[in-house]
Amino acid sequence: MSAPQDGPESLGVDLSIASVARMYDYLLGGKDNYAVDREAVVKLRLATPDIDDVARRNRMWLQRVVYFAAAELGIRQFLDFGTGLPTQRTVHEVAQEIHPDVRVVYADNDPIVLAHGRALLEDNDRTIMLDADMAQPDTVLRAPEVLDLIDFGEPVAAIYASVLHCLPDEAHPYEVVKRVRDALPSGSCLGLSHLESEDQAAAEALTESMRKSTPYWGRVRDRSEIRRFFDGFDVVEPGLGDIAEWWLDIPAVELPLASDYVRPSTASPVIEFGGAGIKR
Ligand SMILES: C[S@@+](CC[C@H](N)C(=O)[O-])C[C@H]1O[C@@H](n2cnc3c(N)ncnc32)[C@H](O)[C@@H]1O
C-alpha cells in the first residue's frame with residue numbers, strides 16, 4: 001500500500017472551495033483537508049455546534065451497520081455510495097474481518113477520496129474505487145468492473161451513510177435509491193443515515209452553511225422524508241431513529257475528533273437519522 005503521490009492541484013482540486021469529504025475528514029480528526037475546509041467547519045459549528053459529534057457518531061454507526069449486514073445477514077457484497085476518505089474503519093475492513101471474501105464497490109466523486117482510495121485499495125483485489133456521481137446510479141450499476149465484481153443475483157448491501165443530504169431535490173434522491181433497490185435481489189440490505197432535524201430553523205441554518213461553503217449540496221430533511229427512502233424495504237429492529245442509538249451492542253472501534261473541537265453543553269436538534277432495511 002502506498003499513499004497517493006499527486007498534489008491536490010494535479011488532481012484538479014480547487015483549493016478555494018471546501019469539499020464535503022475533506023470537511024468530514026477534518027471533523028473526524030483526519031489530516032486530508034485544507035485551510036478552506038477547516039474554515040468551512042468553523043462556520044458550520046456556528047450553525048450546528050455539535051456537528052463534530054454528529055459526524056463521529058455516524059462513522060461509528062457505519063461500522064455497526066456493515067457488521068450487521070455481514071455478520072447477521074451473511075451479506076458478502078457491498079455498494080458504498082459516497083465513501084468519504086477511507087482512512088478510518090472503511091467498509092471492507094469491517095466486512096472482510098467477518099468474511100474475508102467480501103467484495104466492496106466504493107463510489108465517490110471527490111478527487112482526493114478517489115486518489116486515497118485507489119492507493120489504499122491497490123493491494124485488495126476484492127474492492128474497487130469508482131469515480132461516480134451517486135445521482136447517476138447506472139454509472140455504478142452498469143460499470144463493467146462492477147459487473148465483474150458483484151453478482152446481482154445474490155444479496156447486496158447498499159450503503160448510503162451520510163450522503164443523500166448532499167443531493168438536492170432536483171437530483172431526485174428518491175428515484176436514485178429506488179433505481180438501486182430495483183437492481184438488487186430480495187434479501188438485499190439498505191443501510192442509510194441522513195442529516196435530520198424536526199427544528200426547521202436548525203435544519204435551514206445547517207443547509208445554508210453547507211451551501212455557502214460547497215458549490216453543490218442538498219439539504220437537511222425531516223424524518224418523514226427520510227423514512228421514504230426505505231420504501232420497499234422491511235426496516236429491521238430497532239427501527240429508524242437516531243443512528244447513535246442503533247444496535248450499540250455491535251462492536252465498533254472508537255474514532256477521534258478534531259483537536260480544536262469544543263463540545264457544547266447542550267446538543268443541537270440535528271442528528272443522523274436512519275437504520276437498516278431488508279428488501280422484500
Ligand atoms: C459526509 S461524507 C460521508 C462518508 C461516509 N459515507 C461515511 O458515512 O463515513 C459524504 C461523502 O459523499 C460524497 N459525495 C457527495 N456527493 C456525491 C455524489 N453526488 N456522488 C458521489 N459521492 C458524493 C463526498 O465526496 C463525501 O465523500
Requested in this report: Within segment 25-53, work out how many residues are aromatic (Phe, Trp, Tyr) and either loosely packed, with under 13 Cβ neighbours inside 10 Å or assigned to a helix (DSSP H, G or I) (or both).
Outcome: 1
Report summary line: Residues in segment 174-209 that are part of a helix (DSSP H, G or I) and more than 10 Å from the ligand (Cβ to nearest atom) total 19
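Going through segment 98-137 one residue at a time, which ones are away from the ligand (no atom under 13 Å from the Cβ) and at pLDDT 95 or above?
Answer for segment 98-137, where residues must be away from the ligand (no atom under 13 Å from the Cβ) and at pLDDT 95 or above: ILE98, HIS99, PRO100, ASP101, VAL102, ARG103, ARG126, THR127, ILE128.
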Query raised in the report: Which condition number in (1) modelled with pLDDT of 95 or more; (2) within 12 Å of the ligand (Cβ to nearest atom); (3) of a type in the set (Val, Ile, Thr) is the one that THR90 fails?
Result: (1)
Query raised in the report: Are there any pairs with C-beta distances below 9 angstrom linking a residue in segment 190-203 that is within 30 Å of ARG76 (Cα to Cα) to a residue that is surrounded by fewer than 24 Cβ atoms within 10 Å (Cβ to Cβ) and acidic (Asp, Glu), with the two at least 6 apart or on different chains, and if so which?
Result: HIS194/GLU225; GLU196/ASP222; GLU196/GLU225; GLU196/ASP242
**Report entry** Scan of segment 176-217 for residues that are in contact with a Pro (Cβ under 7 Å, 6 or more places away or on another chain), crowded, with 21+ Cβ neighbours inside 10 Å and under 22 Å from MET23 (Cα atoms), ordered by number
**Finding:** SER197
Query - Answer from ARG22, ARG64, ARG59, ARG89 - the residue that is surrounded by fewer than 24 Cβ atoms within 10 Å (Cβ to Cβ) and under 26 Å from GLU204 (Cα atoms) - result: ARG59
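Conditions (1) open to solvent by 50 Å² or more (accessible area, probe 1.4 Å); (2) touching a residue at least 24 places away in the same chain (Cβ under 8 Å); (3) farther than 13 Å from LEU192 by Cα, marked per residue:
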position	(1), (2), (3)
ARG228	yes, yes, no
GLU237	yes, no, yes
ILE243	no, yes, no
TRP247	yes, yes, yes
VAL253	yes, yes, yes
Report task. List every residue pair whose Cβ atoms sit under 7 Å apart, with the two residues 6 or more apart in sequence or on different chains, where the first one lies in segment 18-39 and is farther than 18 Å from ARG263 by Cα and away from the ligand (no atom under 11 Å from the Cβ) and the second, anywhere, is small (Gly, Ala, Ser) and at pLDDT below 95. Result -> VAL36/SER16
Query - Single residue of segment 144-173 satisfying the filter (touching a Pro at 6+ places or on another chain (Cβ under 8 Å), more than 10 Å from the ligand (Cβ to nearest atom) and touching a residue at least 40 places away in the same chain (Cβ under 8 Å)) that is nearest to GLY84 (Cα to Cα) - result: VAL156
**Report entry** Odd one out for ALA267, checked against (1) in contact with a Ser or Thr (Cβ under 7 Å, 6 or more places away or on another chain); (2) small (Gly, Ala, Ser); (3) open to solvent by 40 Å² or more (accessible area, probe 1.4 Å)
**Finding:** (1)
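The values are calculated or read from the model by the stated rules, or taken from the named source; none is laboratory data. Everything quoted here is computed from the prediction, not taken from an experiment. Note: ideal-geometry Cβ built from the backbone for every residue, glycine included; neighbour counts use all protein chains shown. Note: areas computed on protein heavy atoms with side chains; ligands, DNA, RNA excluded. Shrake-Rupley method; radii C 1.70, N 1.55, O 1.52, S 1.80 Å.
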